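Here's the structure we're looking at; comments come further down.
The values are calculated or read from the model by the stated rules, or taken from the named source; none is laboratory data. These figures come from a predicted structure and were not determined experimentally. In case anyone asks, the SASA skips ligands and DNA or RNA and just uses the protein heavy atoms, side chains included. Shrake-Rupley method; radii C 1.70, N 1.55, O 1.52, S 1.80 Å.
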Amino acid sequence: MKLCKLFTLLITLSIAFAACNKVDDPTGESTGSVSIGTSGECKPFTAVGIFKVDSVLNTENYVDIEINVTTGGSFEIKTDSVNGYSFKKSGTFAAGINRVRLYASGKPITTGVNYFTVTYGLSTGTFAITVFNTGVGTAFYTLGGSPGNCSVSAINGNYITGQPMTASNTVEATVNVTSIGTYIIR
């Protein structure tokens with residue numbers, strides 16, 4: 001009889017301890033905050049694509065930001081609409097540091113630097129995008145040492161597998177420009 005009571009007590013305690021563990025609920029809403037620097041800017045932050053006046057933005061135009069997720073689950077992250085366009089993404093997060101890609105939609109109206117506020121839960125961060133004139137074409141250039149042997153003058157920062165890069169991760173290379181304009185180097 002004592003063995004049966006002890007076994008029942010152990011089962012009850014196991015169930016109670018399991019109920020106390022915090023488990024991410026992928027069907028619920030995630031919680032956390034936008035990773036920001038001292039001035040409220042999204043850190044780290046990467047913008048990809050060329051943003052031009054009167055050009056419809058697509059999946060080639062996006063920003064990557066970092067989110068510190070305390071409870072995993074569904075999310076919707078978006079920015080305010082500035083100059084005719086905005087950024088947005090929805091999906092599911094696991095708890096921990098997550099890098100999220102916010103895709104642009106809309107069409108920039110005027111040139112200049114546009115400042116966006118990104119919102120996740122109760123937190124916000126900011127970032128800037130430069131919009132170019134449609135009269136500015138694509139730059140024509142070759143990397144120094146081309147073809148097949150780029151001339152790299154400096155590699156800065158630490159590159160560790162599985163670790164996100166920061167603003168200190170840079171590569172300096174020679175570029176021979178034959179026609180000025182917008183560019184993307186990947």
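So how much accessible area does E66 have, in Å² to the nearest 10, using a 1.4 Å probe?
30 Å²
With a 1.4 Å probe and every protein chain left in place, work out the accessible area per residue of region 37-141 in Å², rounded to a whole number.
Heavy-atom accessible area per residue stands at 49 Å².
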